[in-house]
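K.L.:
First the structure, which I've put down as structure tokens, then a few questions once you've had a look.
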Amino acid sequence: MTGRGTRSFRYGARLTVTAPLALVFVFVAAEMTWVAVAASSYWRVAFVVIASLAGLLAVSMIRETVIRIRGRRRIVVAARELVVPTDRRRDDITIRFRDIRGLELTGLPGFNRVLKIRHANGELAISGVMLGSVGELDEIHGLLKAARKPR
């Protein structure tokens, strides 16, 4: 990667999908709660369970939306290593290029693609749906391939 600086890519749930779905689950939770109030005791339990599940999904999606807006989770392709965020805030995975054993880009073109990275400590998968555009996964793949070429 000589001649290129560090490249950084936002990594997280896509706002165009996650934000509207979060609103849908909030409304479903509210509707199920309202229906549970008027239902018999048997159906009340079912509606409360559905409302609880919808509420948990809404909270999870809102959390992912906030994380994406803040832009704190980033994939970084540096001069000698790749840094990929995990679900935990402070635990990023750092992989040196010399430790990468194999790269495999799978799936159909578009957001359904996954970049699988085999390295000395295991395997890592980067999903295209978690990146900002379709081309970013291809760019990461290209940068990693170029960095691994012997000089």
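K.L.:
Checking the conditions here, which among 93, 69 is under 16 Å from residue 11 (Cβ atoms) and surrounded by fewer than 14 Cβ atoms within 10 Å (Cβ to Cβ)?
P.N.:
One residue alone meets the criteria, 69.
Yes/no per residue for (1) of a type in the set (A, V, I, L, M, F, W, C); (2) more than 22 Å from residue 10 (Cβ to Cβ):
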position	(1), (2)
86	no, no
102	no, yes
108	yes, yes
115	yes, no
118	no, yes
125	yes, no
142	no, no
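K.L.:
Which members of the stretch 39-54 meet the condition of being modelled with pLDDT of 90 or more and open to solvent by 40 Å² or more (accessible area, probe 1.4 Å)?
P.N.:
Answer for the stretch 39-54, where residues must be modelled with pLDDT of 90 or more and open to solvent by 40 Å² or more (accessible area, probe 1.4 Å): 43, 44, 45, 47, 48, 49, 50, 52, 53.
K.L.:
Just to check your reading of the model, which residue among 103, 57 is open to solvent by 30 Å² or more (accessible area, probe 1.4 Å) and either touching a residue at least 40 places away in the same chain (Cβ under 8 Å) or more than 20 Å from the chain's Cα centre (by Cα) (or both)?
P.N.:
Selected residue: 103, the only one of 103, 57 that is open to solvent by 30 Å² or more (accessible area, probe 1.4 Å) and either touching a residue at least 40 places away in the same chain (Cβ under 8 Å) or more than 20 Å from the chain's Cα centre (by Cα) (or both).
K.L.:
Please give the number of the condition residue 8 fails out of (1) open to solvent by less than 40 Å² (accessible area, probe 1.4 Å); (2) within 30 Å of residue 99 (Cα to Cα); (3) of a type in the set (Gly, Ala, Ser).
P.N.:
That leaves (1) as the condition not met.
K.L.:
Are any residues in the stretch 121-146 under 19 Å from the mean Cα position of the chain (by Cα), among the charged types (D, E, K, R) and assigned to a helix (DSSP H, G or I), and if so, which ones?
P.N.:
136, 138, 139
K.L.:
Restricting the stretch 117-138 to residues that are charged (D, E, K, R) and under 25 Å from residue 16 (Cα atoms), which is most open to solvent (accessible area, probe 1.4 Å)?
P.N.:
138
To keep it simple, each residue is scored yes or no on (1) farther than 18 Å from residue 130 by Cα; (2) part of a helix (DSSP H, G or I); (3) among the charged types (D, E, K, R).
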residue	(1), (2), (3)
24	yes, yes, no
28	yes, yes, no
34	yes, yes, no
37	yes, yes, no
51	yes, yes, no
54	yes, yes, no
57	no, yes, no
64	no, yes, yes
67	no, yes, no
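K.L.:
Is it the case that residue 29 is of a type outside the set (D, E, K, R), on the phi < 0 side of the Ramachandran plot, crowded, with 16+ Cβ neighbours inside 10 Å and in contact with a Lys or Arg (Cβ under 7 Å, 6 or more places away or on another chain)?
P.N.:
It is false that residue 29 is of a type outside the set (D, E, K, R), on the phi < 0 side of the Ramachandran plot, crowded, with 16+ Cβ neighbours inside 10 Å and in contact with a Lys or Arg (Cβ under 7 Å, 6 or more places away or on another chain).
K.L.:
Mind checking which pairs have a first residue in the stretch 130-151 that is within 13 Å of residue 103 (Cα to Cα) and touching a residue at least 60 places away in the same chain (Cβ under 8 Å) and a second that is open to solvent by less than 30 Å² (accessible area, probe 1.4 Å) and of a type outside the set (A, V, I, L, M), Cβ under 6 Å, 6 or more apart or different chains?
P.N.:
That search, which allows pairs on different chains as well, returns 147/97.
K.L.:
On to the next question. Among the residues of the stretch 120-137, is any touching a strand residue (DSSP E or B) at 6+ places or on another chain (Cβ under 9 Å), of a type in the set (D, E, K, R) and over 20 Å from residue 6 (Cα atoms)?
P.N.:
Scanning the stretch 120-137 turns up at least one residue that is touching a strand residue (DSSP E or B) at 6+ places or on another chain (Cβ under 9 Å), of a type in the set (D, E, K, R) and over 20 Å from residue 6 (Cα atoms).
K.L.:
Given the condition out of contact with any strand residue (DSSP E or B) (no Cβ under 8 Å at 6 or more places or on another chain), closer than 30 Å to residue 25 by Cα, assigned to a helix (DSSP H, G or I) and at pLDDT below 85, answer yes or no: does some residue in the stretch 69-90 qualify?
P.N.:
Yes, the stretch 69-90 contains a residue that is out of contact with any strand residue (DSSP E or B) (no Cβ under 8 Å at 6 or more places or on another chain), closer than 30 Å to residue 25 by Cα, assigned to a helix (DSSP H, G or I) and at pLDDT below 85.
The values are calculated or read from the model by the stated rules, or taken from the named source; none is laboratory data. All values reported here derive from a predicted model rather than from experimental measurement. We place every Cβ from the backbone using ideal geometry, glycine too, and count neighbours over all the protein chains shown. Keep in mind that these areas ignore ligands, DNA and RNA; they rest on the heavy atoms of the full protein, side chains included. Shrake-Rupley method; radii C 1.70, N 1.55, O 1.52, S 1.80 Å.
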